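The values are calculated or read from the model by the stated rules, or taken from the named source; none is laboratory data. Remember, predicted model here, so these are calculated numbers, not experimental data. We place every Cβ from the backbone using ideal geometry, glycine too, and count neighbours over all the protein chains shown. With ligands, DNA and RNA removed, areas are computed over all heavy atoms of the protein, side chains included. Shrake-Rupley method; radii C 1.70, N 1.55, O 1.52, S 1.80 Å.
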Amino acid sequence: MATPKQARFVTVEGSEGAGKSTNIQVLNEVLDARNIPYHNTREPGGTSLAEDLREIVLQPRDEEVDDLTELLLIFAARRQHVKNIIQPRLANGEWVVCDRFTDASYAYQGAARGLDRGIIDTLRDWVQEGLEPDLTLYFDVSPEIGAERIANREHDRLEREQYEFFKAVREGYLDLAREQPRINIIDASAELDAVQASVRTLFERYVDSALVQGSGS
Ligand code: TMP
């Protein structure tokens, strides 16, 4: 069993249609195979209050939503999620696998909406109090492929954005990945089987080395 020392905070990022959900199943299989306790969660969301805020953020509406209002709602949800779920679970020795986290705020509200990065840095510092993901998998697809993959489902308020928006989201993520070694870029335009195989290999190595570190001193 994992100990608190070994527990890791793993986040999964990507544009619409990048295939995050199916790849989260691969992460779960790797953890299951090693009897490691974990909790799957998502943002915005992950607690009852934060899921309500998610609805508010994603619901299409007639009123124009101010960019800063959107960011503040997302960070309010994040605070609740960090305090009530992420921190306690990690402290209890569980790995936390989170579908999106603050990198999404830099990509969507920062790079795509154009909000000042300094505002996001400040909110991150207040809300996370030093908590950062240990490992992030960013599933990268072009906006064209992403749009094709979600063409047949009903679009929420953000999915209704246009090509230029998703192009900026992608550039935002790629810039973050260049800056931060914890972010691994996965080419999600390849066949699903091939993507899953590379995710499995990467994550198995990561988990096994975390277990070795945890079993040390
Ligand atoms: P998803 O379930 O497809 O990941 O939907 C969540 C949406 O919320 C997605 O369009 C990205 C958006 N989002 C932000 O704009 N900023 C954030 O910080 C987070 C976590 C999500």
Exercise for review: Taking the residues in the range 106-137 that are among the basic types (Lys, Arg) and more than 13 Å from Glu70 (Cα to Cα) as candidates, determine which candidate is most open to solvent (accessible area, probe 1.4 Å).
Suggested key: Arg117
Revision key, fill the gap. Taking the range 32-86 and keeping residues out of contact with any strand residue (DSSP E or B) (no Cβ under 8 Å at 6 or more places or on another chain), open to solvent by 70 Å² or more (accessible area, probe 1.4 Å) and either within 30 Å of Gln6 (Cβ to Cβ) or β-branched (Val, Ile, Thr) (or both) leaves Asp32, Ala33, Asn35, Ser48, Leu49, Ile56, Arg79, Lys83, Asn84
Review point. Does Glu13 satisfy the condition of being in contact with a helix residue (DSSP H, G or I) (Cβ under 7 Å, 6 or more places away or on another chain), assigned to a strand (DSSP E or B) and crowded, with 16+ Cβ neighbours inside 10 Å?
Key: yes
Check your understanding: When you go through Thr69, Thr102 one by one, which is the residue that is on the phi < 0 side of the Ramachandran plot and in contact with a Lys or Arg (Cβ under 6 Å, 6 or more places away or on another chain)?
Key -> Thr102
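May I ask you to verify whether Pro143 is more than 26 Å from Glu94 (Cα to Cα) and open to solvent by less than 50 Å² (accessible area, probe 1.4 Å)?
yes
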Point to revise | Residues located in the range 134-181, provided they are more than 17 Å from the chain's Cα centre (by Cα), of a type in the set (Val, Ile, Thr) and not in a helix (DSSP H, G or I) | key: Ile150
Exercise for review: State which residue is least open to solvent (accessible area, probe 1.4 Å) when the search covers only the range 163-193 and only residues that are free of Cβ contacts under 8 Å to residues at least 12 places away in the same chain and out of contact with any helix residue (DSSP H, G or I) (no Cβ under 9 Å at 6 or more places or on another chain).
Suggested key: Glu179
Point to revise | Sole residue being in contact (Cβ under 8 Å) with a residue 24 or more places away in the chain and acidic (Asp, Glu), chosen from Glu63, Glu29 | key: Glu29
Study note, to complete from the structure: Log entry, pairs with first residue in the range 82-104 being touching a residue at least 12 places away in the same chain (Cβ under 8 Å), second being more than 16 Å from the ligand (Cβ to nearest atom) and of a type in the set (D, E, K, R), beta carbons closer than 7 Å, six or more apart or on different chains, reads Trp95/Arg8; Val96/Arg89
**Study point:** 1 or more residues away from the ligand (no atom under 13 Å from the Cβ) and farther than 22 Å from Glu129 by Cα: qualifying helices (runs of 4 or more DSSP H) within the range 28-109
**Key:** 48-58
Practice item. Pick out the one residue from Gly214, Gly130 that is under 30 Å from Arg34 (Cα atoms), of a type outside the set (Asp, Glu) and part of a helix (DSSP H, G or I). Key: Gly214
Review point. Residues in the range 98-117: is at least one more than 17 Å from the chain's Cα centre (by Cα), closer than 18 Å to Asp156 by Cα and modelled with pLDDT of 95 or more?
Key: yes
